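Read through the structure below, which is laid out as structure tokens, and then see the notes.
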Amino acid sequence: MSNTQKGQRYDAIVVGSGPGGAPVARELARAGKRVLILERGARHERALGFPGGARILEGAGIVCRSREGAYIARGITVGGSSVVYNGNVYFPPERVYAQVGLDFLPELHELAEEIGVRELPPRFFAKARALPRVLGAAEKLGLHFEPQKKFIAPDKCRPGCDSCMMGCPRGAKWTTRNMVDQACKAGAKLLTETRVERVLFEKDRAVGVVTARGEEYRADMVVLAAGGVGTPAILLRSGVSGVGENFYIDPMNIVVGHAGKEYPGAWGEMSFTHAIEDLAQTEGFIIGNVSAQNALLTSFLRANVARHNLGRALQSTRAMGLFVKVADSHEGRVFADGSLSKPKSARDRARMKRGTDLAMEILARAGVPKTAMAVGQSIGGHPGGTVPAGTAADFRLRAGRENLFVCDGSVFPESLGVPPSLSIMGLSLLLGRMLAGKTRHEDRTTAPGGRLAAGRASSTWHRTVSESATDCLKRYPA
Ligand SMILES: Cc1cc2nc3c(=O)[nH]c(=O)nc-3n(C[C@H](O)[C@H](O)[C@H](O)COP(=O)(O)OP(=O)(O)OC[C@H]3O[C@@H](n4cnc5c(N)ncnc54)[C@H](O)[C@@H]3O)c2cc1C
């Protein structure tokens, strides 16, 4: 922890050090601004991976549910949820640039180049015995699994390790801790284990924050990047209205199965190395592979899966799974005390049912009897939408008051339909450049009269639906 003087005045306070906070903090620090980063979590360095890494997650990864029982995972640590993410890299759909009013595509390409995006090399799959069956079964149905692009350095990673979601014990997975360190090297101060309670205002200007311990820190501007749950809760406690609604989480169903006696399961495989991506924007879901270890861990989250797995304790090496991650409707809510409501809409149920039916069919064709499957429901990890750009925040990402900015998952009005970290980081980098006076808003606005991103926003990674997938969907109607 840096020895920050409480009486000192900063140019900017950044609350949160995940994908929303780290790039803007680094950019401002490199521009010579005096930056203070306030982070609720500690800098956990030891005992990462299973099981010790569970302590990084809110509620130890277990006690973090909405009133309706949806499970919502997030990392409370320096680096935020990037420390527990799978490191999968996706460009957003084109609509997002108009929705947030800003063209941050150049920053996305720049970050992908800077961090290094790679597919895991073939040696990572040399011993995989369930994965080829799953990919083959999907192909026969007309569905294609894409190898995933990752923020993972293969030379540091170990094939068969599946610890990403509890913190990488080998430093192979890139996290926003790298950017926080670079910000500190450029002069920023980081205070860990410091929970921001509310924003301080004078008249209608943000002038600092008050922590849960009652300390005051003052700055010329405040950037809230405490995530889709943390940011609206701080704003509500600060008396800012019109935030906290419109909450989505990208819930997953995880289909957990045990293969028949003649087949090996996904023991020693890695989760989310392959995914069916091309249905993300049309059908609203992606399907990805889950290792035996992670399929069994679902027992800690859902009682029905625990019961299913308990009776099969001797068959653990035959366990395997698929997840179905849905772009959900934004009908949830975050309250000032951080409690959550996340009802399922009829559209969410229909999307989830279709995706789950397909996942079960793929697993069945890969050797898992349908009677040996259980479904762990509503497990989400992409909280967002709660301070949407265009309504609760403006298209400069100001949240209703002077000098108060918001930059994290909260500002995307709709689920992106794909994992959002790269998008959040790109927007944060652009905000940092605009606040540092390096990039003009007029040059990046997508509003009428400004430069429109949509025409040039297509990415080589954008997928269109294949004919074979369209045929398959006809056979499996919603
Ligand atoms: C298990 C899991 C796997 C995932 N896999 C992927 C993936 O493969 N690819 C991908 O793109 N995305 C993935 N995600 C999603 C991604 O990690 C998040 O969407 C992203 O980290 C959100 O960034 P953020 O800045 O909005 O919030 P966060 O990353 O949550 O950062 C917010 C930070 O603010 C801090 N904070 C909160 N409240 C306060 C407060 N009051 N005061 C001070 N600090 C506060 C938190 O401790 C945290 O460090 C995954 C998420 C999970 C949980």
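Only the coordinates and a few stated rules stand behind these numbers; no lab work does. Worth saying up front: this structure is predicted, and the values here are computed from it rather than measured. Ideal geometry is used to build each Cβ from the backbone, glycine not excepted, and the neighbour counts take in all protein chains shown.
A few notes on this one:
- Nearest 10 degrees, 0 to 90: helix 105-115 Cα axis against the chain principal axis: 70 degrees
- Rg/Rh, computed from the Cα trace of region 96-136 with Rh as the Kirkwood radius, has the value 1.29.
- Gained length - residue 478 relative to residue 398, 0.36 nm times residue gap less alpha-carbon distance: 24.8 nm
- Kirkwood analysis of the Cα pair distances in region 262-420 returns a hydrodynamic radius of 17.6 Å.
- Furthest towards positive pole of dipole, 445, 313, 266, structure part the chain, Cβ charges: 313
- Between the beta carbons of residue 347 and residue 442, assuming R0 = 35 Å, the FRET efficiency works out to 0.40 to the nearest 0.05.
- Stokes-Einstein, applied to the Kirkwood radius of region 57-143 over Cα pairs at a viscosity of 0.692 mPa s and 37 °C, places its translational diffusion at 190 µm² s⁻¹.
- When the alpha carbon coordinates of the chain are projected onto the principal axes, the ranges are 69, 48, 42 Å, largest first.
- Excluding same-chain neighbours fewer than eight residues apart, the aspartates and glutamates reachable from residue 342 by a Cα-Cα span under 14 Å are 68, 245, 250, 328, 331.
- Among the listed pairs 149/353; 127/474; 140/474, those beyond 25 Å (Cα-Cα): 149/353; 127/474
- Taking the DSSP beta bridges with both ends in the chain, the antiparallel portion is around 70 percent.
- Taking Cα centre as origin and charging only the Cβ of basic (Lys, Arg, +1) and acidic (Asp, Glu, -1) residues, the dipole magnitude of the chain rounds to 1000 debye.
- Each residue of region 274-279 was assigned a 3J(HN,Hα) from its phi angle through the Karplus expression (A = 6.51, B = -1.76, C = 1.60, θ = phi - 60°), giving 9, 8, 7, 9, 6, 9 Hz with x at Gly and Pro.
- With Rh defined as the Kirkwood radius, the inverse of the mean 1/r over Cα pairs, the Rg/Rh of region 10-67 is 1.12.
- The angle between the Cα long axis of helix 227-237 and the main principal axis of the chain comes to about 40°, on a 0 to 90 degree scale.
- Relative to the longest principal axis of the Cα atoms of the chain, the long axis of helix 346-365 lies at roughly 40 degrees.
- The slack between residue 316 and residue 178, meaning 0.36 nm per residue of separation minus the straight C-alpha distance, is 46.0 nm.
- Segments 20-30, 107-117 sorted - mean Cβ within 10 Å per residue, highest first: 20-30, 107-117
- Gain in span if fully extended, residue 202 to residue 370, counting 0.36 nm per residue against the direct Cα distance: 54.3 nm
- Estimated [θ] at 222 nm from DSSP helical runs (n ≥ 4, -39500 (n - 2.57)) normalised by residues in the chain, nearest 500: -7000 deg cm²/dmol
- A convex hull fitted to the Cα coordinates of region 109-253 yields 199 cubic angstrom per residue.
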